[in-house]
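Here's the structure we're looking at; comments come further down.
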Amino acid sequence: PLDVAADAGLLVGAAGPAGALLRTTLLPACQPWIHAYFQLGMQNVNSDKAYGFIRKRILSGEYAPGAALMTEQVSAEIGVSRTPVRDALRQLEADGLVIIRPLLGASVKKMNRREFRELCELRLALEGHAAFLAAVNRTDAELREIQFAFDAMRALTKRILAAASERPLFDDLAREDV
């Protein structure tokens with residue numbers, strides 16, 4: 001099994017240009033994932049509820065980049081007090097999804113082209129490595145499960161292409177595309 005703490009320690013301690021690259025570029029970019037790995041969950045159920053609610057809406061685009069996140073309004077939407085919302089916003093700031101400015105409050109983080117490109121490059125590297133590890137360490141049962149999901153997606157794609165109106169099938173596609 002992967003020991004993230006030990007591996008991160010080795011990476012940070014690496015010498016030379018590779019170590020400098022890791023300390024200045026990769027580790028800051030990976031920090032939200034490392035933080036999420038070590039944080040087993042928020043202690044407060046309402047903070048966890050607020051975190052999930054706000055995060056889901058940011059990632060879905062319902063809260064657009066730059067949108068103000070007013071604690072009173074968000075807490076009313078969720079049905080919790082403002083304290084769990086503030087806790088969730090601080091966590092989302094640590095995750096890189098929200099910016100909190102003194103006296104101005106919280107807003108959804110905007111991403112410039114350079115940040116987007118760097119994030120995409122990092123994601124490509126991480127996903128490629130994760131796919132490699134999954135392929136190397138897979139079991140026969142997992143391979144059968146992947147084949148089942150692939151066959152379901154292939155069948156659904158054929159149904160969408162053959163349908164006169166594919167709109168009703170998009171919900172099925174979203175359910176299958178996990």
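The values are calculated or read from the model by the stated rules, or taken from the named source; none is laboratory data. Since this is a predicted model, take the numbers as computed values, not measurements. Neighbour counts are summed over all protein chains in view; Cβ atoms, including those assigned to glycine, are modelled from backbone coordinates with ideal geometry. With ligands, DNA and RNA removed, areas are computed over all heavy atoms of the protein, side chains included. Shrake-Rupley method; radii C 1.70, N 1.55, O 1.52, S 1.80 Å.
Among the residues making up segment 48-61, those that are open to solvent by 30 Å² or more (accessible area, probe 1.4 Å), part of a helix (DSSP H, G or I) and either in contact with a helix residue (DSSP H, G or I) (Cβ under 7 Å, 6 or more places away or on another chain) or closer than 26 Å to PHE116 by Cα (or both) are LYS49, TYR51, GLY52, PHE53, ARG55, LYS56, ARG57, LEU59, SER60.
Inspect all residues belonging to segment 149-159 and state whether any of them is among the basic types (Lys, Arg), closer than 16 Å to TYR51 by Cα and open to solvent by 70 Å² or more (accessible area, probe 1.4 Å). No, that holds for no residue.
Only residues that are on the phi > 0 side of the Ramachandran plot and either aliphatic (A, V, I, L, M) or open to solvent by 60 Å² or more (accessible area, probe 1.4 Å) (or both) were counted in segment 90-142, giving 1. Note on segment 62-89: residues that are among the hydrophobic types (A, V, I, L, M, F, W, C) and open to solvent by less than 40 Å² (accessible area, probe 1.4 Å) amount to 8.
Examine segment 73-96 for a residue that is more than 13 Å from ALA50 (Cβ to Cβ) and part of a loop (DSSP other than H, G, I, E, B), and state whether such a residue exists. Yes: one or more hits.
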